[in-house]
Amino acid sequence: MTLAIALPVSAAKREFDFAPADHQKIARIVYDTLGILLPEGKSQLVYGRVAPRVRACGLTSVSAYLAVIEQDEDERNRMLDALTTNHTSFFREAHHFEDFVERMWPTLSQRLASGGRVRLWSAACSSGEEPYTWLMAALGHDRSAAQRLLKGDLRMLATDVSPSVLETARAGRYSADTLRTVPAKLRATWVSDRLVVDPALREAISFRPLNLLGPWPMKGRFDAICCRNVMIYFDEPTKAKLQARLADHLETGGMLYIGHSERLSPEVAARFDCVGRTAYLKVRA
Ligand SMILES: C[S@@+](CC[C@H](N)C(=O)[O-])C[C@H]1O[C@@H](n2cnc3c(N)ncnc32)[C@H](O)[C@@H]1O
């Protein structure tokens with residue numbers, strides 16, 4: 001009689017040795033660097049994302065890979081990049097852009113038209129769908145009116161910690177499937193037949209690498225900030241600290257939009273009025 005060994009199917013199929021201690025080491029590096037929590041229950045996800053890097057380095061175990069990243073910062077960064085979750089889409093949680101267009105844009109577009117400046121920040125922008133959506137929604141489909149505003153002092157900062165998604169964002173080229181959630185009229189105005197976002201729109205956006213946990217080089221305040229679906233990966237102290245920094249970088253009277261399952265910590269919430277679904281107006285410095 002043969003004895004069946006009760007290994008979890010996923011672990012039995014693994015190409016590389018991956019011990020619980022390996023998971024813990026990776027989770028510690030990711031938490032310390034990016035603030036992202038990777039509890040034990042995510043070990044299959046971690047393995048699935050790290051295994052291609054182990055293979056690319058020609059190694060046979062995750063522990064050998066961990067020894068490599070201790071010495072090799074570039075490889076360590078590639079691992080961190082692989083461990084970020086970059087899910088996004090055009091017009092995701094579109095109620096935020098509708099709110100912005102109704103609440104903020106009439107004043108901001110007037111300010112632009114009379115020579116003033118407007119600053120927007122898409123923090124954790126992933127592959128660019130969020131900042132492009134935001135500008136398309138604001139500028140609408142009157143191209144010549146939009147061109148006049150784009151000639152004004154309008155800048156959108158779009159940041160993410162992952163260099164690979166920023167490359168996609170800068171290229172502004174998407175598949176037909178990715179573009180299917182862009183309303184037809186906006187798509188006709190802002191996306192070419194070759195499925196590339198209009199350079200006029202791309203030029204209004206500065207795509208920059210930025211770790212939300214690290215130092216921020218920006219000096220001025222923003223009129224509105226989208227920081228959506230990234231805080232879900234953080235623990236409460238990290239969220240509260242980040243939210244306080246976001247509030248500090250926002251003009252009083254400016255809007256902060258966060259993801260559908262995210263909430264403001266009580267101290268930060270006291271500086272805002274909640275004016276819509278996960279939409280916050282800064283009312284106190
Ligand atoms: C799920 S995506 C959200 C994208 C977009 N904001 C949206 O809601 O569709 C989360 C993004 O946060 C980025 N991210 C994770 N940790 C980060 C950190 N510490 N600093 C900056 N960006 C981070 C990831 O690289 C990823 O692109």
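Mind counting the residues in the range 139-160 that are open to solvent by 60 Å² or more (accessible area, probe 1.4 Å), of a type outside the set (S, T, N, Q), outside any strand (DSSP E or B) and over 14 Å from V197 (Cβ atoms)? Before you say what the answer is, go through the steps one by one.
First, the residues of the range 139-160 that are open to solvent by 60 Å² or more (accessible area, probe 1.4 Å): 141-144, 148, 151, 153, 155.
Applying the additional criterion that residues be of a type outside the set (S, T, N, Q) yields 141-143, 148, 151, 153, 155.
Narrowing the set further to residues that are outside any strand (DSSP E or B) leaves 141-143, 148, 151.
Now drop any that are not over 14 Å from V197 (Cβ atoms), which leaves 141-142, 148, 151.
Qualifying residue count for the region: 4.
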query = So D32 fits all but one of (1) open to solvent by 80 Å² or more (accessible area, probe 1.4 Å); (2) closer than 25 Å to F234 by Cβ; (3) over 27 Å from the mean Cα position of the chain (by Cα); what number is the exception?
reply = (3)
Single unsatisfied condition, C227 versus (1) under 28 Å from L112 (Cβ atoms); (2) open to solvent by 10 Å² or more (accessible area, probe 1.4 Å) = (2)
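Where in the range 199-282 are the strands (runs of 3 or more DSSP E), entirely inside, with at least 3 residues that are within 17 Å of the chain's Cα centre (by Cα) and not hydrophobic (A, V, I, L, M, F, W, C)? Talk me through it step by step, then tell me what you get.
Numbers: elements: 205-209, 222-227, 250-258, 272-276, 279-282.
Ranges flagged: 205-209.
Let's see how each residue does on (1) of a type outside the set (D, E); (2) open to solvent by less than 20 Å² (accessible area, probe 1.4 Å):
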residue	(1), (2)
K241	yes, no
L246	yes, yes
E251	no, no
M255	yes, yes
H260	yes, no
query = Within the set of pairs 6 or more residues apart or between chains, which connect a residue that is open to solvent by less than 10 Å² (accessible area, probe 1.4 Å) inside the range 161-179 to a residue that is outside any helix (DSSP H, G or I) and of a type in the set (S, T, Y) with Cβ atoms less than 7 Å apart?
reply = S162/T84; A169/S127
inquiry  = Criterion first (open to solvent by 20 Å² or more (accessible area, probe 1.4 Å), modelled with pLDDT of 95 or more, on the phi < 0 side of the Ramachandran plot and polar (S, T, N, Q)) does S127 satisfy it?
reply    = no
task = Go through L80, L37, L108, L66 for me and flag whichever is of a type outside the set (D, E, K, R), under 22 Å from the mean Cα position of the chain (by Cα) and crowded, with 16+ Cβ neighbours inside 10 Å.
result = L80
query = If a residue has to be touching a helix residue (DSSP H, G or I) at 6+ places or on another chain (Cβ under 8 Å) and either among the small types (G, A, S) or within 13 Å of the ligand (Cβ to nearest atom) (or both) to count, how many in the range 61-77 make the cut?
reply = 4
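Look at T178 and say whether it is part of a helix (DSSP H, G or I), touching a Phe, Trp or Tyr at 6+ places or on another chain (Cβ under 8 Å) and within 16 Å of the ligand (Cβ to nearest atom).
Working: part of a helix (DSSP H, G or I): yes; touching a Phe, Trp or Tyr at 6+ places or on another chain (Cβ under 8 Å): yes; within 16 Å of the ligand (Cβ to nearest atom): yes.
Against the criterion (part of a helix (DSSP H, G or I), touching a Phe, Trp or Tyr at 6+ places or on another chain (Cβ under 8 Å) and within 16 Å of the ligand (Cβ to nearest atom)), T178 qualifies.
The values are calculated or read from the model by the stated rules, or taken from the named source; none is laboratory data. Predicted model, so just to flag it, every value in this text is computed and none were measured. Cβ: placed from backbone, ideal geometry, glycine included. Neighbour counts: every protein chain shown. Heads up: the accessible areas ignore ligands, DNA and RNA and are worked out on the full protein's heavy atoms, side chains in. Shrake-Rupley method; radii C 1.70, N 1.55, O 1.52, S 1.80 Å.
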